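A short write-up of the structure that comes next.
The values are calculated or read from the model by the stated rules, or taken from the named source; none is laboratory data. The structure displayed is predicted, hence computed values, not measured ones. Every residue, glycine as well, gets a Cβ built from its backbone with ideal geometry; the counts of neighbours run over all protein chains shown. Note: areas computed on protein heavy atoms with side chains; ligands, DNA, RNA excluded. Shrake-Rupley method; radii C 1.70, N 1.55, O 1.52, S 1.80 Å.
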Amino acid sequence: MASPRDVAGKILIADDEPTTIAMLSDLLFEEGYEVDGVGSGTAVLERLEGEHDYGLLMMDLQMPGMNGLDLFERLRKESNDIPVIVITAYGTSSTAIRAMQMGVYDYLQKPFDLDEVQVVVKRLFEHQALASRVRSLEQRADLRERMIGRSPAMGQIYKTIGRVAASDASVLVTGETGTGKELAANLIHQNSSRRSGPLVKVNCAALPETLIESELFGHEKGAFTGAVAQRKGRFEQAHKGTIFLDEVGEITLPVHKKLLRVLQEGEIERVGGTGIVKVDVRVVAATNRDLLDEVKQGNFREDLYYRLNVINIHMPPLRERRGDIPILVEHFLDKYRYKPSAPPTRISEDAIERLEQYDWPGNVRQLENEIERAVVLTQGNVITSHALNLSQHGIPTQVDLATRVRNRETLANVLAEVERVMLYEALQQSDGDEKEAAHRLGLEPEDFHQRLQSVK
Ligand SMILES: Nc1ncnc2c1ncn2[C@@H]1O[C@H](COP(=O)(O)OP(=O)(O)OP(=O)(O)O)[C@@H](O)[C@H]1O
Ligand SMILES: [Mg+2]
């Protein structure tokens, strides 16, 4: 068996002269391509029907039976868009020209100039790679902006987004992590009359308290150490567009007053500045915290809360709209298919059932990650429940620590969950034998038993 190697591309050669096939095969194999040869047009059709991963067809124009141009026409009629390079004998340039007019990629004349063959084939594969990359990016960009869900709760959300998009009112998007708050903000902007202006996103949690003011409102030269030049803030950048204040609950009291002013008057003042700047910006804010609670505790200004929350959009957790899980799965299978031309990976009934029963603490983001992972790991074309990473007890075995820190979960909480997962997992791997499970985890049986009682 040939040793595995990186294949630069797979090529099918059609020529009724075996010597031509042999020569081209040798040359292209040296260059890293996988090459097959056939002797007629009908053989090409049969081959392409069974195998879809050829990146190039090189064919002679004169072949017995079906000639090259007929073959080419037939392929295109069947919507097979495999790139084609034609091989012509010296002195048949008029057919070559006709072939080019019909849309073949290039032609090569016999006897071959070997360098030319190499260059033309290499360039073709480079073009193809680029084109498929562009297609995949376009497709992903397109998919990224789609919100999926047919449940009544999602129906309400579409309606609200449609209504608020047409207005300039501030919107507060609430909901647990991974429920699609940022996606909602994107849709509001895209469907609004402000889409000629930019959508500027600020992650308030990522900015230290000392920087957030200058980030949002800008600063004048020399306003503080390090302010070597005047800088426009995010509100100014978002003029005529939308600003998305993600994790708005992280903004601290000292900045609230300035934020209130821009919401009420449309005016900002740069840090260290003297004059006011007028801005026309729609504000969409998001939080996974209970802001009203923060208001009660005195951590968030009440008047600012009501200014931000003119319209509230609450993204429901996934476990409250389980009916949407199958179409979300379809959507992500489509998004993460291994290449744009490939059919989406399918999923088995029992895998879908497990996904529907699971609790999804990380909501749609977690489901998306789970599907992406399963697509990558699945050999073959169908994801079965074995490929899923969900613990039987509805506890995620992969804890996204960064998200949890962001959600302000306490260390004690996360450790408790890890403990629970490990205890159950050990128990399962020991077929319910507590002693053995304790041993696996390096615990005394009594200790194991007590811990198990307390996490139940
Ligand atoms: N209804 C949906 N349809 C399709 N994709 C969705 C949906 N909801 C969320 N997603 C996808 O899930 C991922 C997480 O969504 P998003 O970033 O909007 O969540 P979030 O609520 O802002 O989370 P966090 O609070 O952690 O910031 C994104 O990739 C998003 O495209
Ligand atoms: Mg977010």
Return yes or no: is GLY249 crowded, with 18+ Cβ neighbours inside 10 Å, assigned to a helix (DSSP H, G or I), within 16 Å of ligand 1 (Cβ to nearest atom) and of a type outside the set (Phe, Trp, Tyr)? yes
Please count how many residues of the range 415-436 are modelled with pLDDT of 75 or more and either within 16 Å of ligand 1 (Cβ to nearest atom) or more than 32 Å from the chain's Cα centre (by Cα) (or both). 10
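Yes or no, residue by residue, for (1) free of Cβ contacts under 8 Å to residues at least 40 places away in the same chain; (2) open to solvent by 40 Å² or more (accessible area, probe 1.4 Å); (3) not assigned by TED's automatic domain parsing to the domain that holds ALA206:
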{"site": "ALA238", "(1), (2), (3)": "no, no, no"}
{"site": "PHE244", "(1), (2), (3)": "no, no, no"}
{"site": "ARG261", "(1), (2), (3)": "yes, yes, no"}
{"site": "GLU265", "(1), (2), (3)": "yes, yes, no"}
{"site": "GLU269", "(1), (2), (3)": "no, yes, no"}
{"site": "GLY273", "(1), (2), (3)": "no, no, no"}
{"site": "VAL284", "(1), (2), (3)": "no, no, no"}
{"site": "THR287", "(1), (2), (3)": "no, no, no"}
{"site": "ASP303", "(1), (2), (3)": "no, yes, no"}
Identify all residues within the range 175-204 that are in contact with a strand residue (DSSP E or B) (Cβ under 8 Å, 6 or more places away or on another chain) and near ligand 1 (Cβ under 9 Å from one of its atoms); write none if there are none. GLY175, LYS181, GLU182, ALA184, ALA185, ASN186, ASN203
Give me a count of the residues in the range 39-93 that are among the small types (Gly, Ala, Ser) and farther than 26 Å from VAL7 by Cα. 5
What's the number of the only condition in (1) under 21 Å from VAL295 (Cβ atoms); (2) part of a loop (DSSP other than H, G, I, E, B) that LYS257 fails to meet? (2)
Anything in the range 308-327 that is surrounded by fewer than 19 Cβ atoms within 10 Å (Cβ to Cβ) and in a helix (DSSP H, G or I)? List them, or say none. ARG319, GLU320, ARG322, GLY323, PRO326, ILE327
Of LEU211, LEU199, which residue is surrounded by fewer than 21 Cβ atoms within 10 Å (Cβ to Cβ) and within 16 Å of ligand 2 (Cβ to nearest atom)? LEU199
Only residues that are at pLDDT 95 or above and within 14 Å of ligand 1 (Cβ to nearest atom): list them for the range 150-174, please. VAL171, LEU172, VAL173, THR174
Could you figure out which of (1) outside any loop (DSSP other than H, G, I, E, B); (2) within 16 Å of ligand 2 (Cβ to nearest atom) isn't true of VAL262? (2)
For the structure I just gave you, tell me whether SER79 is modelled with pLDDT of 90 or more and of a type in the set (Ser, Thr, Tyr). no
Name every residue in the range 169-186 that is open to solvent by 20 Å² or more (accessible area, probe 1.4 Å), near ligand 2 (Cβ under 9 Å from one of its atoms) and farther than 19 Å from GLU320 by Cβ, in order of residue number. GLU182
Is it the case that VAL283 is of a type in the set (A, V, I, L, M), more than 12 Å from ligand 1 (Cβ to nearest atom), out of contact with any Pro (no Cβ under 9 Å at 6 or more places or on another chain) and outside any helix (DSSP H, G or I)? yes
From the options VAL295, VAL284, residue that is away from ligand 2 (no atom under 16 Å from the Cβ) and of a type in the set (A, V, I, L, M, F, W, C): VAL295
